[in-house]
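Enquirer: Sending over a structure as structure tokens; questions will come in a sec.
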Amino acid sequence: MAVIATHSEAESYLSLLMVSLFGAKPAAGAAIFNLLKANHLQMKAITSVAAVVLGKESTEMLKPVLKVFEESAENRNTLAHCMWGLDESILDGVVLARSNVAARFSVEVLHAAGQKNAKDRIKKASSSMNDELQIWRECHFQNALSKANKASSIMQNSYFEVLKGTLARSR
């Protein structure tokens, strides 16, 4: 939860950064930006607006910042949207299953039901799913939290830098 909460702070600064790029009347742009839920679309929107408002050089400086944000977003999305489970034989970790892998397994098991080779098909589906499972241990969560903290910090700093630049131009 700390990763999700901390990444949410980074998302807030991302939104503030975008709004600050719009200048004195940001409401219309903010409304459009808030409709973009996919990270890659938000990144494209910010770099496009930044190119117009800040110029090419500043936009290039913003790209590594957005890369840090994307790395944090990837971890956040994994934590929030994957399926998690426990395995009694793994005492120091939890099992992660991507939703599409679990869905594919369920469909394969349903299709196997009632067929002559059902046991073999279910065994094959189980083996295929198990090959794609991940074990997350404390170090993985600590790494994700570190990335979220870095993203939050760098987004906050970038927001303030853009805001200072925007304020300086409007004087």
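The values are calculated or read from the model by the stated rules, or taken from the named source; none is laboratory data. Values in this document were obtained by computation on a predicted structure and should not be read as measured data. Cβ: placed from backbone, ideal geometry, glycine included. Neighbour counts: every protein chain shown. Surface areas here come from the heavy atoms of the whole protein model, side chains and all, with no ligands, DNA or RNA. Shrake-Rupley method; radii C 1.70, N 1.55, O 1.52, S 1.80 Å.
Enquirer: Using a Gaussian network model of the chain whose springs link C-alpha atoms within less than 10 Å, name the residue from 93, 23, 114 with the highest mean-square fluctuation.
Expert: Looking only at 93, 23, 114, the biggest GNM fluctuation is shown by 114.
Enquirer: Using a 1.4 angstrom probe with every protein chain in place, what is the largest-first accessible-area order of 155, 1?
Expert: 1, 155
Enquirer: Follow-up. Roughly how many Å is it from the Cα centre of segment 1-50 to that of segment 71-90, as a whole number?
Expert: Rounded to whole Å, the Cα centres lie 25 Å apart.
Enquirer: Using the heavy atoms of the protein chains alone and a 1.4 angstrom probe, what is the accessible area of segment 83-171 per residue in square angstrom? Can you show the working numbers first?
Expert: Numbers: 6340 Å² over 89 residues.
With all protein chains present, segment 83-171 gives 71 Å² per residue.
Enquirer: Oh, and also: Counting only protein heavy atoms and using a 1.4 Å probe, what share of the accessible area of the chain belongs to carbon plus sulfur, as a whole percent?
Expert: 58
Enquirer: Once label points are set 7 Å from the Cα along Cα→Cβ at both residue 34 and residue 133, what is their separation, rounded to one decimal in nm?
Expert: 4.2
Enquirer: Still on this model: Grab the Cα-Cα distance for residue 95 and residue 25, subtract it from 0.36 nm times how many residues apart they are, and report the gain in nm with one decimal.
Expert: 20.5 nm
Enquirer: What ranking of 105, 69, 160 comes out by heavy-atom accessible area, probe 1.4 Å, highest first?
Expert: 160, 105, 69
Enquirer: May I pose another question? Counting Lys and Arg as +1 and Asp and Glu as -1, each charge on the Cβ, what is the dipole of segment 1-119 about the Cα centre in debye, to the nearest 20?
Expert: 520
Enquirer: Per residue of the chain, what 222 nm ellipticity follows from adding -39500 (n - 2.57) for every DSSP H run with n ≥ 4, rounded to the nearest 500?
Expert: That comes out to -26500 deg cm²/dmol.
Enquirer: Over segment 1-143, one equal point on each Cα, no solvent: what is log10 I(q)/I(0) by the Debye formula at q = 0.10, 0.14, 0.19, 0.21 Å⁻¹?
Expert: -0.54, -0.80, -1.08, -1.21
Enquirer: Also: With each label point set 7 Å from Cα along the Cα-Cβ vector, what nm distance links residue 143 and residue 118?
Expert: For residue 143 paired with residue 118, the spin-label model returns 4.1 nm.
Enquirer: Express the relative contact order of the chain as a whole percentage, based on alpha carbon pairs under 8 Å and six or more residues apart in sequence. If you can, show how the numbers build up before the last one.
Expert: Details: 164 pairs, mean separation 62.6, N = 171.
Normalised by residue count, the contact order of the chain is 37 percent.
Enquirer: Here is a further query. Just grab the label-to-label distance for residue 51 and residue 126, each label 7 Å out from Cα along the Cβ direction, in nm (one decimal).
Expert: In this crude spin-label approximation the distance works out to 5.3 nm.
Enquirer: Identify all lysines with a Cα-Cα distance to residue 150 below 22 Å; exclude those on the same chain that are fewer than 8 residues away in sequence.
Expert: The reachable lysines, counting only those whose Cα sits under 22 Å from residue 150, are 37, 44, 63, 67, 164.
Enquirer: Once phi is turned into ³J(HN,Hα) by the Karplus curve 6.51 cos²θ - 1.76 cosθ + 1.60 with θ = phi - 60°, what whole-Hz value does each residue of segment 71-86 show in order, with x for glycine and proline?
Expert: 5, 5, 4, 4, 5, 4, 5, 4, 5, 7, 10, 8, 9, 10, x, 10
Enquirer: Once the convex hull of the alpha carbons of segment 66-171 is built, what does its volume come to per residue, in cubic angstrom?
Expert: 112
Enquirer: Right, another one. For segment 120-126, take each phi angle, set θ = phi - 60°, evaluate the Karplus expression 6.51 cos²θ - 1.76 cosθ + 1.60, and give the result in whole Hz per residue in order, putting x for glycine and proline.
Expert: Once rounded to whole Hz, the list reads 5, 5, 5, 4, 5, 5, 4.
Enquirer: Let me ask something else about it. Mean separation of Cα pairs under 8 Å and 6+ residues apart, divided by the residue count of segment 1-64: what relative contact order is that in percent?
Expert: So the answer I get is 24 percent.
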